[in-house]
1. With the dipole of the chain worked out from charges on the C-beta (+1 for Lys and Arg, -1 for Asp and Glu) around the Cα centre, which of Val246, Ile212, Gln306 lies farthest toward the positive end?
2. Evaluate the relative contact order of the chain (contact order divided by residue number), counting alpha-carbon pairs under 8 angstrom at least 6 apart; express in whole percent.
3. Taking R0 as 56 Å, what FRET efficiency do you get between Asp125 and Ser171 from their Cβ-Cβ distance, rounded to the nearest 0.05?
4. Using the Kirkwood radius over C-alpha pairs as Rh, can you work out the diffusion coefficient of region 155-309 via Stokes-Einstein at 20 °C, viscosity 1.002 mPa s, in µm² per second?
5. Could you tell me how far the Cα centroid of region 255-327 sits from the Cα centroid of region 19-97, in Å?
6. Give me, ordered by chain and number, the residues 5 or more places off Glu83 or on other chains with an amide H under 5 Å from its own placed amide H.
7. Given +1 on the Cβ of Lys and Arg, -1 on the Cβ of Asp and Glu, and no further charges, what dipole in debye does region 79-201 carry about its Cα centre, rounded to the nearest 20?
8. What is the antiparallel percent of DSSP beta bridges lying wholly in region 155-309, to the nearest 5?
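Any read-out appearing in this document is the output of simple, stated calculations on the displayed coordinates, not a laboratory observation. Fair warning: this is a prediction, and the values are worked out from it, not measured in the lab. Cβ placement follows ideal geometry from the backbone for every residue including glycine, while neighbour counts extend to all protein chains displayed.
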Amino acid sequence: MSLLKNKKFTSVEDVADIEGLVAKALAYKANPLKDATLGINKRIGLLFLNPSLRTRLSTQIAARNLGMEAIVFNVDKEGWQLEFEDGAIMSGNTSEHIKDAGPVLGSYFDILCIRTFPQLANREDDYSELFISEFIKHCGRPVISLESATLHPLQSLTDVITITECLKQESIIKKPKIVLTWAPHIKPLPQCVANSFAEWMNAWEGKGEFIITHPVNYELAEKFTKGATITQDQDTALKDADFVYVKNWSTYEDYGKIYENDPSWMLSLDKLKTTNNAKVMHCLPVRRNVELSDEVLDSSHSIVTQEAGNRVWAAQTVISELLQNNK
Ligand code: CP
């Protein structure tokens, strides 16, 4: 029985069984090479249109654990600049259409992964997810999102794995209170990690209460947050929290702007005093002492390294499911 609904992994909507994915990921963590021959003689292509540390390396390790050959292609630096717009008159900077590149890539690889990015200029363009949807349409292979313009599903699966693992490690039976808090940043960042975390939390029956807190005018798209409690009072949100997920995002309504950079939104040890000795999460990279203070990141509250380590098991689980369902 597949744990995925579709031959792709781009959103929680492609998932049939979140708990099943988490259990499988934790089994891989306990025994990384248990399916070491599943991907023998198969190749996975990892295409990046922007920088990455964790996603790139953890996905390569995950593929290797399954016996697959992983080939990374930094399209932004080493490839022809791709055109994604249907009917484009290619007299500008783009040299190769995804209609041509997609089938070629599909002929080289058994599974394809792509990391795209939002331009943060036009909301409709970014939220149409043109890049990843055109890629899926033209490559003819199962596709894994390594982060798209609006979502980061491997990160969110990792986050659910990490929360579950912490609850098991501390033998906590109650469903946890989980808070997603906005944090300051110097640059406008995409909403994708926050959108994705909200989408997964709302879909995950294992969570208890889920609260999003952010300054005024930082509302995320309702499509992803629907079901969560939303407040602009960070102190109230943090009270009795078991997990605090820290992330900056730029504005969604007046798209891609920074309206607010109040440093008092940065999480401190003092703010954590009203929590239930909360674990602090962040997808990384993090701007220390802008988004999150040294005192929190270097304290026992922080589980950011454990979280980043779990990226391997999330990727291995998703690749394994796509391999098993495409035999
Ligand atoms: N969290 C995450 O996606 O990290 P990278 O940007 O380094 O891949």
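1. Gln306
2. 20 percent
3. 0.75
4. 140 µm²/s
5. 22 Å
6. Ser95, Glu96, His97, Ile98
7. 620 debye
8. 0 percent
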